[in-house]
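Chemist: My questions will all concern the structure given below.
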Amino acid sequence: MAFAGRTAIYGRAFVGFLFMLILSVVLCLLPLVGVALILTQSWVTTVDGLFMSLILLAMSGIFALNAFLEFRAMRAPVAKTKGPSGEPMTFGGSRGEGVRRERGLVQSVSFYEAAVGQPNSSLVVLKDGGSAMRVLAVEGDVRNLLPTGKRVEITCQPKGQFDSVVEVQYL
């Protein structure tokens, strides 16, 4: 019940981060209890005790690093959509009815294979003449159609969740 207010504010992601943070801290402290037991029982003078304490300290360090990274990710602001040049990226244009044209230099094309019955998709990053970038979500595999480094004009048409490439002109 303690998380009810925070869940409403931050959503389920916050509770997931918090759970992983608490779990990582607990799993970081448990091996330290084992090291304390080895030290108090004077088993550290044996080879078994030495290697067991080294293994437990390594486990503790790994979980401490995980807890630190979870804490830093929890405190970080929402991911910013910035391109490599530091300029903000825009995602596509208006998805109204009809055909639209997108023009620019193909920065990258990433293909994503979907589950059975769902359409495969590609994310195309286009760079303008300036430093602004746009991301287009198109249906299908367009890696061969849009080579990286080419200036293109893409004619798109909305089709379901993604755009469908109607025509590509190389400039």
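We did not get these values from a lab; they are worked out from the coordinates using the rules stated. Treat the numbers as computed from the prediction; the structure is a model and nothing was measured. With ideal geometry, Cβ positions are generated from the backbone for all residues, glycine too; neighbour counts draw on all protein chains shown.
Chemist: When only DSSP loop residues count, what GluC sites (Glu not before Pro) in region 110-171 have their Cβ near at most 16 other Cβ atoms within 10 Å?
Modeler: On the way: sites: GLU113, GLU139, GLU153, GLU167; in loops: GLU113.
In loop regions of region 110-171 (DSSP not H, G, I, E or B), the sparsely surrounded GluC sites (Glu not before Pro) are GLU113.
Chemist: Separate question: Give me the net charge of GLY140's neighbourhood, meaning all other residues with Cβ under 12 Å from the Cβ of GLY140; Lys, Arg count +1, Asp, Glu -1.
Modeler: -2
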